[in-house]
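Right, one structure below, let's go through it.
What follows draws every value from the coordinates through simple rules; no lab data is involved. These numbers were taken from a predicted model, which means no experiment stands behind them. Quick reminder, even Gly has a Cβ in these numbers, built from the backbone with ideal geometry, and neighbours come from all protein chains shown.
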Amino acid sequence: MAKIIVTGVAGFIGSNLAARLIKDQHQVVGIDNLSYGLSRNIQTLSQSKDFTFIHGDLNNPFILTEHRADVIVHLASQKIPRYTNALRTLEENHSILKNVLDKCVIDGSKLVYASTSDVYGKNPNLPFHEDSDLCIGPTTVKRWAYAVSKIHGEQLIQAFSDQYKIDYTICRFFGSFGPHQNLTWWGGPQSLFISNSLNKTPIEIHGDGTQRRTFTFIEDTVEGLQHCTLHKNASREIFNVAGPVENEITIKDLATTIWLMINPNTEPLLEFKPYAAFGKYEDVLRRVPDNAKISKMLGFIPKVSLKEGLLRTIEWQRNLGQ
């Protein structure tokens with residue numbers, strides 16, 4: 001069994017991944033500064049002898065010195081500047097990754113890196129496969145800072161691998177959702193859509209709602225991520241980690257679906273907020289993954305439908321009183 005460091009362990013994906021790894025009898029050292037992660041997400045994990053939690057900030061490289069691991073799964077990240085700011089996104093995503101990479105060089109650890117489907121940007125050629133061109137918008141639009149930081153991260157990892165021979169796997173996530181998701185916009189639109197529907201308050205939709213996304217239930221995200229972490233064929237590869245392509249839906253239809261699942265036979269309350277409200281902003285019109293590579297090389301096929309995932313997520317969020 002492996003010893004695995006998970007950064008961002010109190011976050012959505014990190015806490016679910018850690019639970020799965022411990023269930024499979026791996027040792028997990030989790031690191032989080034709890035700026036976005038929540039202690040409740042790791043409350044059960046803390047009872048396991050195979051889990052160690054470090055409350056600390058990865059901007060401080062000494063946080064990593066105490067433990068040595070076979071694999072570091074690096075999930076900690078700043079996100080799109082709509083939720084934070086461009087300077088913090090660019091600086092922190094570089095600095096914390098650099099500290100993790102230096103640790104991998106010293107210890108000979110494998111790195112599993114959380115990238116994003118956002119790197120495909122405005123590429124109109126669908127579905128997105130791992131060799132697709134990355135077509136980012138103009139640098140005058142700060143929304144692209146997140147995608148650029150992840151593209152930089154992918155390049156930095158591969159450069160470190162060339163120079164220092166470290167092993168790595170890069171995972172590009174597509175719209176994960178489910179239990180432990182953040183309940184703000186940080187967690188994705190479905191989080192707030194569920195909260196609004198439970199509270200019978202208007203659902204805010206950015207733009208006209210025709211943008212399309214392919215959502216991934218957390219069980220599938222974790223299953224794919226675990227394959228990328230432990231499978232020998234994942235070495236020095238990039239993989240889409242996504243739900244079934246049938247999970248693609250417009251944001252407007254997602255809002256309507258969630259509302260009617262919670263409030264059947266009522267008229268959904270929808271409010272549309274123009275992108276101009278965010279300043280100079282651009283969105284991606286459609287994201288559809290090609291799942292062939294991860295299926296062929298690692299044997300991972302996503303299974304959870306959007307409807308099943310939403311039912312389970314709504315129940316979890318309802319039990320939180322949200």
Kirkwood-based Rg over Rh for the chain (C-alpha set), two decimals? 0.95
Helix 251-262 versus the longest principal axis of the chain: what angle, 0 to 90°, nearest 10, using Cα atoms? 80
About its Cα centre, how strong a charge dipole does the chain have in debye, to the nearest 20, once Lys and Arg get +1 and Asp and Glu get -1 at the Cβ? 160
Cα point-scatterer Debye curve for region 238-281, base-10 log of I(q)/I(0) at q = 0.28, 0.31 Å⁻¹: -0.96, -1.05
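So which trypsin sites (Lys or Arg not before Pro) in region 191-233 end up in coil per DSSP with only 12 or fewer other C-beta atoms within 10 Å?
The qualifying sites are K200.
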Diffusion coefficient, µm² s⁻¹, Stokes-Einstein with Kirkwood Rh over alpha-carbon pairs of region 118-265 at 20 °C and 1.002 mPa s: 124
Estimated distance in nm for a label pair at S295 and Q155, the labels positioned 7 Å out from Cα along Cα-to-Cβ: 3.2
Contour minus end-to-end for V141 and R318, with contour as 0.36 nm per residue of separation and end-to-end as the Cα-Cα distance? 60.0 nm
Antiparallel DSSP bridges in the chain: what percent, to the nearest 5? 5
GNM of the chain, Cα pairs under 10 angstrom: of K23, K110, K122, the biggest fluctuation goes to K23
On Cα atoms only, tilt of 145-164 relative to the major axis of the chain in degrees: 20
Give me the extension gain from Q163 to K232: residue separation times 0.36 nm, minus the current Cα-Cα distance, reported in nm with one decimal. 22.7 nm
Cα extents of region 1-137 along the three principal axes, largest first (Å): 48, 33, 30
Mean-square fluctuation check for the chain, GNM, Cα pairs under 10 Å: which of A86, A159, A242 is largest? A159
Sorted by chain and number, the residues with a modelled amide H under 5 Å from that of L270, at a separation of 5 or more or across chains, are I203
